[in-house]
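The values are calculated or read from the model by the stated rules, or taken from the named source; none is laboratory data. This structure is a prediction, so every number in the text was calculated from the model and none was measured. A quick note on method: Cβ atoms are made from the backbone with ideal geometry, for glycine too, and the neighbour counts reach across all protein chains shown.
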Amino acid sequence: MVRVRFAPSPTGYLHVGGARTALFNWLYARRHGGAFILRIEDTDAERSSWDMVSGIVEGLRWLGLDWDEGPDVGGPHAPYFQSQRLDKYRAAAEGLVASGHAYIDDGAIRFNVPAGRTSFTDLVHGPIDFDNDHIEKFVILRSDGHPTYHLSVVVDDIDMEISHVIRGDDHISNTPKQVLLYNAFGRAVPAFAHVPLILGPDKKRLSKRHGATAVGEYERAGYLSEAMVNFLALLGWSPGGDREMMTRDELIAAFAIEGISGGNAVFNAEKLDWFDSQHIARMTADEIVGRVEPDLRAAALWNDDFASARRPWLCAVIDLVKPRLRKLSDFVEAARPFLADVVEPDPAAAAKYLAAPELAGPLAALRDRLARVDPFEPVSIEAALREVAAAQGIKAASLIHASRVAVTGQSVSPGVFDVLALAGRDRVLERLAAAERRVRDARPSPRNG
């Protein structure tokens, strides 16, 4: 049976690289009907913190990477903690001393590295071989009774019957020591698969200088977890062909270690934005309502009727602006013209499209004409606007731009006639009146004398 684990150290939040490693393990377990285990490696008491543990757990839950088992204490939804397993590591170290595979040195216990070579076959990189002369007699239990990484990870992986160790390339140098420990314990060595590191656009290891690296920052920025999972899965892995847009179920069905590249992957923030916009486009407006409600409430733009009588109208607004959203957190500003009582025009947009004094008359005429349009729908609104523009002797484009800025506050928007129809007659008439006043007030005062 496939049994894999994600074993982060709580000395930092869940970063992009760790999330990708967790995802690969989770996909592999789900693909083969196996178990995915979360183990917190918190034996470094001075650097570990509960804040970091919470950040890791919350990040995994946001991504939908559920784990399958945990210790008896805390129930199945609690991860394993190495700090609760110290007695196991001490007993294991003492057992290695008793068998002659380790020895006591200045209060610590060191592993007695044998002569020869240590080899293993990596599922990504192929056969890897190390000369044991280059491996120091490494400490497995410190003088304070705490295990080192090598001992604790091997004891845990044996105890939890881990079949495959899928982790970052930076662990390749650790593997020979761990293979030696498996051999010393007389246990089978799991299959190892070391996945490529994630680099920034400058081809250097991803870090804060490249932008956000903690998964929680992307959640707070409004990205969809579905998009982040899709994006992370394709960082160093390919399903074959040119497929990119994939659901969670499609990723599970396609995932294979053979698809993991041996070369490093490059984190491209613009590509993540593209994935997010594409996943938004695939969502129904009704699905989006529930996702954006918290943001609308925070912006004081939510109306309880949106959950009932006015839900179809809100869904229509969502469908109109959805193609322009890069992430769902953009929805508040995109929908503000439809939801807010007052919209202040962007100064640059107003200066470009609402500054000509000769617009006052056409705006007043348009307002008067739209007050009588029936039905108040895109086709009839467009006909009315073009009729007014022709009667006023101005280009329809000038009146279209002025109307857009007046109603939305911006120089760009979805189709202006659709916008006016959804904004509603009363709101449109009020904003056209405000724009007319703005134009008239902007006229220079006549000089005396």
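Within the group Ser83, Ser48, which residue is modelled with pLDDT under 95, hydroxyl-bearing (Ser, Thr, Tyr) and within 18 Å of Tyr13 (Cβ to Cβ)? Please lay out each step first, then the result.
Details: Ser83 fails: within 18 Å of Tyr13 (Cβ to Cβ).
Ser48 is the lone residue from the list that is modelled with pLDDT under 95, hydroxyl-bearing (Ser, Thr, Tyr) and within 18 Å of Tyr13 (Cβ to Cβ).
Keeping to segment 308-323, report how many residues are within 14 Å of Ala285 (Cβ to Cβ) and surrounded by fewer than 17 Cβ atoms within 10 Å (Cβ to Cβ).
Matching residues across segment 308-323 total 7.
Condition check: basic (Lys, Arg), closer than 19 Å to His77 by Cβ and not in a helix (DSSP H, G or I). Does Arg5 satisfy that?
For Arg5, the condition - basic (Lys, Arg), closer than 19 Å to His77 by Cβ and not in a helix (DSSP H, G or I) - is met.
Since Ile257 meets every condition but one in (1) surrounded by 14 or more Cβ atoms within 10 Å (Cβ to Cβ); (2) under 20 Å from the mean Cα position of the chain (by Cα); (3) within 30 Å of Val2 (Cβ to Cβ); (4) at pLDDT 95 or above, which condition does it not meet?
(2)
Which condition number does Arg243 fail, the rest of (1) surrounded by fewer than 18 Cβ atoms within 10 Å (Cβ to Cβ); (2) in a helix (DSSP H, G or I) being met?
Every listed condition holds for Arg243 apart from (2).
Give the residue, chosen from Gly241, Gly211, that is within 19 Å of the chain's Cα centre (by Cα), modelled with pLDDT under 90 and more than 30 Å from Asp157 (Cα to Cα).
Gly211
I need every pair where a residue in segment 305-320 that is touching a residue at least 40 places away in the same chain (Cβ under 8 Å) has its Cβ under 8 Å from the Cβ of a residue that is surrounded by 14 or more Cβ atoms within 10 Å (Cβ to Cβ) and not in a helix (DSSP H, G or I), sequence separation at least 6 or different chains.
From segment 305-320, the pairs are Leu320/Pro414.
Restricting to segment 292-302, give me the number of residues that are surrounded by 14 or more Cβ atoms within 10 Å (Cβ to Cβ) and either more than 12 Å from Phe331 (Cα to Cα) or not charged (D, E, K, R) (or both).
So the count comes out to 5.
Inside segment 27-49, can you point out the residues that are free of Cβ contacts under 8 Å to residues at least 40 places away in the same chain and part of a helix (DSSP H, G or I)?
Scanning segment 27-49 gives a single hit, Ala29.
Can you find a residue in segment 219-239 that is within 20 Å of Gly18 (Cβ to Cβ), of a type in the set (Ser, Thr, Tyr) and outside the structural domain of Phe331 (by TED's automatic domain parsing)?
yes
Just to be sure I understand the filter: pairs with C-beta atoms under 6 Å, separated by 6 or more residues or on different chains, first member in segment 261-286 and β-branched (Val, Ile, Thr), second member buried (at least 18 other Cβ atoms within 10 Å of the Cβ) and assigned to a loop (DSSP other than H, G, I, E, B). Which pairs pass?
Ile280/Leu325
Among all residue pairs at least 6 apart or on different chains, which show Cβ distances below 8 Å where the first residue, located in segment 218-242, is within 18 Å of Trp26 (Cβ to Cβ) and the second is of a type in the set (Asp, Glu) and not in a helix (DSSP H, G or I)?
Asn230/Glu244; Leu234/Glu244
For the structure I just gave you, tell me whether Arg404 is more than 35 Å from the chain's Cα centre (by Cα) and buried (at least 18 other Cβ atoms within 10 Å of the Cβ).
no
Residue-wise test of (1) in the same structural domain as Val321 (by TED's automatic domain parsing); (2) free of Cβ contacts under 8 Å to residues at least 24 places away in the same chain; (3) at negative phi.
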position: Ala335; (1), (2), (3): yes, no, yes
position: Asp374; (1), (2), (3): no, yes, yes
position: Glu387; (1), (2), (3): no, yes, yes
position: Ala406; (1), (2), (3): no, no, yes
position: Val412; (1), (2), (3): no, yes, yes
position: Ala423; (1), (2), (3): no, no, yes
position: Glu436; (1), (2), (3): no, no, yes
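Show me the strands (runs of 3 or more DSSP E) found entirely inside segment 103-217 where at least 3 residues are among the polar types (S, T, N, Q).
117-122
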